[in-house]
Each structure stands twice: as C-alpha cells, then as structure tokens.
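Have a look at the structure below, then the notes.
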Amino acid sequence: MKKYVLCFLTLLCTYCGFAQDKQAILKVLETQRQAWNRGDLEAYMQGYWKSDSLLFVGKSGPKYGWQTTLDNYKKGYPDKAAMGQLTFRILKVNLLDKTNAFVLGGWQLQREKDAPGGYFTLWLRKINGEWKVVADHSS
C-alpha cells in the first residue's frame, strides 16, 4: 500500500510541476503579446533566449541570434501601425521534460489595411529558472 501511495504522490507532484510550467510558458507568450501591442519590440524580445544561438525561421529561411532577430523585427515592423494588434491562438503546449517544451499556435495581426496571420512552432527551454524561446518557426 505504501508503494501505491508513494507512486501516486510522485505522479501528483510531477503533474503539478508540469501544470506550473505550462502556465509559466503561457505567461511568457502573453507578456510578449502585450509588449507587441504596445509597440515595444525590445520588451517583446525578452521572451527569447538572448544568445547568438537563438534560431528564428521565417519566410527568408533560418537566421541565428537574438540581435539578428530583433533587427529583422525592426526592419519588418518599423512602427506601431505596421505592428498592428497581435493575437495568439495556442493549439498545443507539450512539456517534453523538465527543461524543454514545444508550443504550436497561430498568430494574427489586425492592422488598418490588412490582417495577416499564420502559424508558429516554438521550442522553449527553461534557462536559469525562466522559460525562453530558443527556436521559433513562424509562417
């Protein structure tokens, strides 16, 4: 009986930890969304791993580096009007282990003259206790 109780408690603790991590990941994305909608790209970028190894894959192919990603965002979205209002539709958050997660979702911009959108897949890693996007494939 002790073994069953111990096993149950272990599973419960694991589930609670995963639930907390999932909420922390969703908070990263929501914080990014709010920063985008304020027109604050630097704050938006805080959700990304500040490393030359950050991978961003967009329509022009793979690019590496936090600064490169920020520069590309600034080039593609030079002002608040170009940025529009961002919404996310999170389709899946999979915790792969204690330090890695996969997110699948959709994005939509509402701008004065158009409403582009697409999908994204993110690899997040828990680095120094914080979830950060280490790879982003957006279309």
Long pairs among 50/98; 59/126; 92/126, criterion Cα-Cα beyond 22 Å: 59/126
C-alpha long axis of helix 2-38 to longest principal axis of the chain, angle in °: 10
DSSP-defined antiparallel bridges as percent of all bridges, the chain, nearest 5: 90
Charge dipole of the chain about the Cα centre (unit charges at C-beta), most positive-ward option of 84, 124, 61: 124
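From the square roots a ≥ b ≥ c of the eigenvalues of the alpha-carbon gyration tensor of segment 40-105, which class results: rounded (a/c under 1.5), prolate (a/b over b/c), or oblate? Can you show the working numbers first?
Values: a/c = 1.94, a/b = 1.35, b/c = 1.44.
Because a/c hits 1.5 or more and a/b fails to exceed b/c, segment 40-105 counts as oblate.
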Nearest-ten-degree value, helix 66-76 long axis tilted from longest Cα axis of the chain: 40
Cβ-Cβ FRET estimate between residue 51 and residue 22, R0 fixed at 30 Å, reported to 0.05: 0.80
Rounded to the nearest 20 debye, dipole of the chain from Cβ charges on Lys, Arg, Asp, Glu: 380
Percent RCO, i.e. relative contact order, over the chain, from Cα pairs under 8 Å lying at least 6 residues apart: 21
Projected label distance in nm at residue 40 and residue 138, using a 7 Å step from Cα toward the beta-carbon: 1.7
Inter-part distance where segment 44-69 and segment 76-139 are each reduced to a Cα centre, Å: 12
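Rule-based calculations on the coordinates, nothing more; no lab input. Predicted, not measured: the structure shown is a model, and the values here were computed from it. When we count neighbours, we look across all protein chains shown, and the Cβ atoms used for this are built from the backbone with ideal geometry, even at glycine.
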